[in-house]
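Peer 1: Sharing a structure, written as structure tokens. Questions coming.
The values are calculated or read from the model by the stated rules, or taken from the named source; none is laboratory data. Small disclaimer: the values here were computed from a predicted structure and weren't measured. Note: ideal-geometry Cβ built from the backbone for every residue, glycine included; neighbour counts use all protein chains shown. When the accessible area is computed, the model is the full protein with side chains, heavy atoms only, and any ligands, DNA or RNA have been set aside. Shrake-Rupley method; radii C 1.70, N 1.55, O 1.52, S 1.80 Å.
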Amino acid sequence: MDNSSEKKKSKTGIILQIYLMVMVGMVVIGIITYFSQSHLAEKSKKNEAARFATEIAGEASLSIKEYPAYSWLLKYWYEHCDDMDIEYDVDFTDSVKTKEKEQLLEEHQPDLQIRYASEEEIKALSEEDQKLYAEIAYSWLITRLNEIKQNYKVNYLYCFVTDTETGKEPYQKQTFLLSAADQDSVRGTNYHEVYPLGNVISAEGRPEMQEAMRDAVEKSRQDKTAGYENGNYDYSGNYADYYRMLYEFDSHAVLVGVSYKITSMNADIKDSARFGTGYAVFYQFILVQLIMGFLYFFGIRPLEQILKNINLYTETKNSGEVNRNLNRILSERGAAAIRQNEIGQLSEDFIELTSEIDHYIDSIEQITKENERITAELELASKIQSSMLPSIFPAFPERGDVDIYAVMDPAREVGGDFYDFFFIDQDHLGIVIADVSGKGIPGALFMMISKVILQNCASIGGSPAEIMKRTNKMICANNKEEMFVTIWFGILDVSSGQMKAVNSGHEYPAFRKKDGKFELMKGKHNIATGIMEGVSYSEYEIQMDPGDKIFLYTDGVPEATSKEMELYGTDRLIDALNQKGDGTPYEILMEVRHSVNEFVKDAEQFDDLTMMCVEYRGTGS
């Protein structure tokens, strides 16, 4: 009874988990759908607004260009805005002042057709008559623009002048020429009022507005045949501003502007996104219910039978009976779909599993023997690795100009650190200490490859930087496991004591003058070798005098850890070095090893411990 209850709970738990997972997926998809719908709706609304603004700007531009002398008018209004006597926002039939001006101009110029006068005819007039013409045309045109604004119900329709790139203040301000108004609108210089002729607003600090004006001018210059499609938008703030260039003179551009609030557009976008998301989530919910029903009848129920036989095997370990039951389930009528899906695969896999468990138990002894064989091979690998490192000291008994001693204690049977020293020619000694990124057998193999490559590259000759560049190229060429190695490589000229060195991501060495103390030498660092192809390395120089010593090590020394999880550190390392600063390289390394052992005591060694000390004795030794 208890087992049955537990099985029931397990089955219910599986369904609930799947259902919750699907519901979470629905929420995620709903969020994605919402933002997708918002993006699409925003794009659609902006396209619609662009067509709308283009149409308004086109009609306004045509109204202005109906006057043959429109270019003269625009320039005149801009240059004489302070002298103009304008009658704003009146109907032709009510414009008393404008009619008086018309009558006066007709008296002065009886043959002049005011609406159709050409630029040449206007230029031939006296200054007084030119001013009358400009004022009359302005009143007529502002009345027409008012009609356009009111018909389209746009927030703002206007025409302004701005400086272009060659002007004093390129796109920094807008000088208004025409600004359409609704009935009962207030004209003034305050924000949200309808600006009069000559009102100037600053665009400084509004890069979006400046860029929109600049783009509108550039588009018009590049394609003068594009009609009213060569405008540009500024969507900053609460308004969307559309600009299209109408005319360009001197260092100024005349633009038609259309502005409308985007608050309502944003609200429409949100409503559209909400409705679209709601429908999508509803349909997803219906689909989920159908999928869950299908999953139960064709997934969960067969799993219940498999679970029953798994429990039977757990209790009886009778693999024969369990295998017969599962084979019967897979061969029943209507089980074709199960055999083709993961449930059928699970049954077959469990049949194989129960058949092999006994075999695995019998194989434990053989596996143990195999482990013993692997251990023996690791010991042999350790000996092979040790044999590749210089281990006979003194290293160069026939020479008295240099003394070297080095040790490596691997953290495992085989390690990833290595050191090396070799004479490239009679006067140049190559010195290497390195630490590969891996440990164990992979690290050891990579270590041996890196060591051989570096030594081969050094034998070709060149500076340490050139040798390291060749080494990095060869290591990167076939480094599929993406391992890397930190290397300190120096070449000591034993005849002069001059050493050139490259630090490829390695620990800083410690240096001691003959009568001084060991100190860290923080030279130039380069990227570790094997990380990136095509790397160039920088090198630095060290002048060694007779009696000077340099101590090289891997990070296993300062990162040696005690049971209290405290690091050995470079301060203790320097103290240990100075305890035997006057000693031979062998004595110095033994002192550091003793100091590290005393610090870590019985704590497990996590990293390889590799050290090398070189003493330069000079050619006279």
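Peer 1: Which condition breaks for residue 610 when tested against (1) assigned to a strand (DSSP E or B); (2) more than 21 Å from residue 430 (Cβ to Cβ)?
Peer 2: (2)
Peer 1: Condition first: in a helix (DSSP H, G or I) and either open to solvent by 30 Å² or more (accessible area, probe 1.4 Å) or under 22 Å from residue 614 (Cβ atoms) (or both). Can you find one or more residues in segment 478-496 that meet it? Can you show your working first?
Peer 2: Our first condition is that a residue be in a helix (DSSP H, G or I); within segment 478-496, this holds for none.
Looking through segment 478-496, none of the residues is in a helix (DSSP H, G or I) and either open to solvent by 30 Å² or more (accessible area, probe 1.4 Å) or under 22 Å from residue 614 (Cβ atoms) (or both).
Peer 1: Now a separate question. Applying the selection to segment 595-607, what residues are surrounded by fewer than 15 Cβ atoms within 10 Å (Cβ to Cβ) and either at pLDDT 95 or above or part of a loop (DSSP other than H, G, I, E, B) (or both)? Break it down into steps so the answer makes sense when it comes.
Peer 2: Going residue by residue through segment 595-607, those that are surrounded by fewer than 15 Cβ atoms within 10 Å (Cβ to Cβ) are 597-598, 601-604, 606.
Answer for segment 595-607, where residues must be surrounded by fewer than 15 Cβ atoms within 10 Å (Cβ to Cβ) and either at pLDDT 95 or above or part of a loop (DSSP other than H, G, I, E, B) (or both): 601, 602, 603, 604, 606.
Peer 1: What number goes with the only condition from (1) open to solvent by 80 Å² or more (accessible area, probe 1.4 Å); (2) in contact (Cβ under 8 Å) with a residue 12 or more places away in the chain that residue 571 does not pass?
Peer 2: (2)
Peer 1: Any idea which of 380, 429 is at pLDDT below 75 and more than 22 Å from residue 590 (Cβ to Cβ)?
Peer 2: Just a single option satisfies the conditions, and that option is 380.
Peer 1: Is it true that residue 190 is part of a helix (DSSP H, G or I) and within 52 Å of the chain's Cα centre (by Cα)?
Peer 2: On the way: part of a helix (DSSP H, G or I): no; within 52 Å of the chain's Cα centre (by Cα): yes.
Here the answer is no, as residue 190 does not meet what is asked.
Peer 1: Right, here's the next one. List the pairs whose first member sits in segment 303-328 and is without any contact (Cβ under 8 Å) to a residue 60 or more places away in the chain and open to solvent by less than 80 Å² (accessible area, probe 1.4 Å), whose second member is part of a helix (DSSP H, G or I) and acidic (Asp, Glu), and whose Cβ atoms are under 9 Å apart, counting only residues at least 6 apart or on separate chains?
Peer 2: Final answer for the pair search is 309/321; 312/321; 313/321; 319/358; 326/348.
Peer 1: Give the residues of segment 523-557 that are buried (at least 18 other Cβ atoms within 10 Å of the Cβ) and farther than 25 Å from residue 428 by Cα, sorted by residue number.
Peer 2: Within segment 523-557, 530, 531, 556, 557 meet the criteria.
Peer 1: OK, next. Consider residue 507 against the criteria (1) assigned to a loop (DSSP other than H, G, I, E, B); (2) touching a Phe, Trp or Tyr at 6+ places or on another chain (Cβ under 9 Å); (3) surrounded by fewer than 16 Cβ atoms within 10 Å (Cβ to Cβ): it satisfies all of them except one. Which criterion is unmet?
Peer 2: If we test residue 507 against (1) assigned to a loop (DSSP other than H, G, I, E, B); (2) touching a Phe, Trp or Tyr at 6+ places or on another chain (Cβ under 9 Å); (3) surrounded by fewer than 16 Cβ atoms within 10 Å (Cβ to Cβ), just (3) comes out false.
Peer 1: Listed residues 102, 120, 55; which is more than 60 Å from the chain's Cα centre (by Cα) and within 30 Å of residue 220 (Cα to Cα)? It would help to see each step written out before you state the result.
Peer 2: Values: 102 fails: within 30 Å of residue 220 (Cα to Cα); 55 fails: more than 60 Å from the chain's Cα centre (by Cα).
Residue meeting the stated conditions: 120.
Peer 1: For segment 581-611, name all the residues that are under 22 Å from residue 391 (Cα atoms) and among the charged types (D, E, K, R).
Peer 2: Selection gives 587, 591, 593, 607, 608.
To keep it simple, each residue is scored yes or no on (1) in contact with a helix residue (DSSP H, G or I) (Cβ under 8 Å, 6 or more places away or on another chain); (2) small (Gly, Ala, Ser); (3) open to solvent by less than 70 Å² (accessible area, probe 1.4 Å).
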{"residue": "70", "(1), (2), (3)": "yes, no, yes"}
{"residue": "105", "(1), (2), (3)": "yes, no, yes"}
{"residue": "118", "(1), (2), (3)": "no, yes, yes"}
{"residue": "134", "(1), (2), (3)": "yes, yes, yes"}
{"residue": "150", "(1), (2), (3)": "no, no, yes"}
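Peer 1: Let me ask something else about it. Output the number of the condition that residue 615 fails; it satisfies all remaining conditions of (1) over 30 Å from residue 478 (Cα atoms); (2) surrounded by fewer than 18 Cβ atoms within 10 Å (Cβ to Cβ); (3) acidic (Asp, Glu).
Peer 2: Exception for residue 615: condition (2).
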